[in-house]
Amino acid sequence: MTTRDIVFIALFAALMAVLGAFPALNVPIINVPITAQSMGVMLAGGLLGARRGTLAILLFMVIVLAGLPLLSGGRGGVAVLGGPTVGFFLGWLPAAFVTGLLTERFLPRLHFVTAFLAVATGGILVLYACGIPGISLVTGAPLATAAYGSMAFIPGDLIKAALAAAITVAVSNSYPLIGSRAARRVG
């Protein structure tokens, strides 16, 4: 791992902290907030790739679990693991990894549609696959109820995915963080 890798990992962990400063909007049915931090997961995977993006999210999670109140709403500490958001919190790792893996795969021909597919698959599908069972487990609600309550997140997550895809394409075209400029010009 290079110094550059470490700097990007730390930078994206800091970005996650900044995104936590945006106020959360609670969804009453399932008591899970809509936050900007899921977009940070999408950006970490989309811009840094699978390995560095996942490490950036892991660094952020370790800092949060150590007690820093960096999650939206000023939450932090190991108590996060006992709340209804635990599945989403833990799902950030596979979400960043899958987003990064798909972005790397699409890299030679990355454009808005392929970036959106990568970001939405990792940052929405994978995240929900982890988050919905977490809600059900912690609250005791049936999976169907947790899934139904999570539908309130879909419009916002689609907007976040579109923004993350646009940012990923713009940054990749001007300053690629994954691969080299020569590799980007192929295709």
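The values are calculated or read from the model by the stated rules, or taken from the named source; none is laboratory data. From a predicted model like this one, the values you see are computed outputs, not experimental measurements. Cβ: placed from backbone, ideal geometry, glycine included. Neighbour counts: every protein chain shown. Calculation scope for accessible area: heavy atoms of the full protein, side chains included, ligands and nucleic acids excluded. Shrake-Rupley method; radii C 1.70, N 1.55, O 1.52, S 1.80 Å.
Being assigned to a helix (DSSP H, G or I) and open to solvent by 50 Å² or more (accessible area, probe 1.4 Å) is the filter here; which residues of the range 103-118 pass it? Let's see the steps before the verdict.
Applying the first criterion (assigned to a helix (DSSP H, G or I)) to the range 103-118 yields 103-109, 112-118.
Hits for the range 103-118 are GLU104, ARG105, PRO108, ARG109, PHE112, VAL113, PHE116, LEU117.
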**Prompt:** Does PHE12 satisfy the criteria of being in contact (Cβ under 8 Å) with a residue 24 or more places away in the chain and in a loop (DSSP other than H, G, I, E, B)?
**Reply:** no
**Message:** All but one of (1) at pLDDT 95 or above; (2) under 18 Å from GLY49 (Cβ atoms); (3) surrounded by fewer than 17 Cβ atoms within 10 Å (Cβ to Cβ) hold for ALA164; state the number of the condition that does not hold.
**Reply:** (3)
**Message:** Looking at LEU65 and the list (1) of a type in the set (A, V, I, L, M, F, W, C); (2) at pLDDT 95 or above; (3) within 19 Å of ILE124 (Cβ to Cβ), which single condition is not satisfied?
**Reply:** (3)
**Asked** Pick from the range 37-57 the residues that are among the aliphatic types (A, V, I, L, M) and under 13 Å from THR121 (Cβ atoms): which of them is farthest from the chain's Cα centre (by Cα)?
**Response** ALA50
**Fill in**
Apart from one, (1) open to solvent by less than 20 Å² (accessible area, probe 1.4 Å); (2) at pLDDT 95 or above; (3) on the phi < 0 side of the Ramachandran plot all hold for LEU15; the odd one out is (1)
